[in-house]
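The values are calculated or read from the model by the stated rules, or taken from the named source; none is laboratory data. This is a predicted model, so every value here is computed, not measured. All Cβ positions, even for glycine, are placed from backbone atoms using ideal geometry, and neighbour counts span all protein chains on display.
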Amino acid sequence: MFIYVCLYSFTFYNSSPFLIVFVTVIAAEFCFIVVERVQEKQNPRMEHLELKEGFRFHPTDCEGLSFLLRFVAKQEMHDAGFITTNIDVYGNEEPWEIYSQGVPSGGSGDDDNSSYRYFITKLKKSTNHREVGNKGNWKQQDEEKPVYCNRGNSSSELVIGCKKSMRYVNKEHKDGDWLMKEYELSKVILQKFDEDCRDYVLCAIKNKPIDTCSSDTSTTTSDNVSEETDENHYEDISVLGQRPSE
């Protein structure tokens with residue numbers, strides 16, 4: 001920057017209009033690059049924009065909870081910028097407003113809202129209800145399911161957390177079904193962290209268009225909201241959880 005100032009001063013005092021314009025353009029370009037670098041440091045979540053062709057962010061249940069575990073442990077998540085962490089999923093915004101602020105699973109050019117977008121948010125301590133937006137709430141569709149992960153190279157598994165399947169309920173909303181999977185770390189793991197870190201959950205949200213919501217029955221059940229359990233494998237869990245019951 002000092003070099004540009006000296007060069008600009010030299011050109012100005014030599015009173016050459018061409019040189020003044022030239023140096024001004026160079027200086028402006030330099031300033032633009034500096035501002036761009038500062039923005040990238042302030043928002044490192046931009047790394048997902050450069051994707052290989054055909055790449056999609058589609059973690060298994062165990063992988064999703066491992067991202068949450070790293071976030072709670074204040075470590076780098078290594079999620080390539082696909083998980084949004086500054087949105088209140090259980091606040092005053094509607095699901096479609098929350099979804100629009102998430103990162104598309106296929107990168108910035110992917111506008112398909114039937115694919116999951118991922119958010120880490122904090123549960124409200126004062127209530128067990130999953131209220132969202134103006135008049136809606138997330139209704140749990142089935143019992144929470146434990147998520148198992150392999151521990152290191154051994155064949156034994158531990159419970160790293162649980163998953164709940166939910167559907168957005170609002171009598172005034174007719175634009176298809178908004179579905180969500182909520183992931184929470186196990187209490188055994190959370191006990192290892194400060195109390196203010198224990199209320200975070202990972203939420204995966206997507207839209208099921210209204211023309212695909214209809215079936216032989218008009219009732220949405222846990223069978224068509226929940227997805228089949230993934231085969232989860234995670235080799236780098238440094239904290240111990242519960243062993244599954246026999």
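Residue count for segment 86-102 under the criterion of being crowded, with 16+ Cβ neighbours inside 10 Å and either assigned to a helix (DSSP H, G or I) or under 12 Å from the mean Cα position of the chain (by Cα) (or both): the result is 7. In the condition set (1) modelled with pLDDT of 50 or more; (2) surrounded by 15 or more Cβ atoms within 10 Å (Cβ to Cβ); (3) β-branched (Val, Ile, Thr), Ile210 is compliant with all but (2).
Annotation: of all residues in segment 169-197 being at pLDDT below 90 and surrounded by 15 or more Cβ atoms within 10 Å (Cβ to Cβ), the one that is nearest to the chain's Cα centre (by Cα) is Cys197.
Conditions (1) over 20 Å from Pro59 (Cβ atoms); (2) assigned to a loop (DSSP other than H, G, I, E, B), marked per residue:
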{"site": "Gly161", "(1), (2)": "no, no"}
{"site": "Met166", "(1), (2)": "no, no"}
{"site": "Lys171", "(1), (2)": "yes, yes"}
{"site": "Lys181", "(1), (2)": "no, no"}
{"site": "Glu184", "(1), (2)": "no, no"}
{"site": "Ile189", "(1), (2)": "no, no"}
{"site": "Lys192", "(1), (2)": "yes, yes"}
{"site": "Asp196", "(1), (2)": "yes, no"}
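Take Ile237 and tell me if it is outside the structural domain of Ile87 (by TED's automatic domain parsing) and modelled with pLDDT under 90. Spelling it out, Ile237 is indeed outside the structural domain of Ile87 (by TED's automatic domain parsing) and modelled with pLDDT under 90. Quick one: would you say Leu123 is under 24 Å from Pro59 (Cβ atoms) and modelled with pLDDT under 90? Yes, satisfied.
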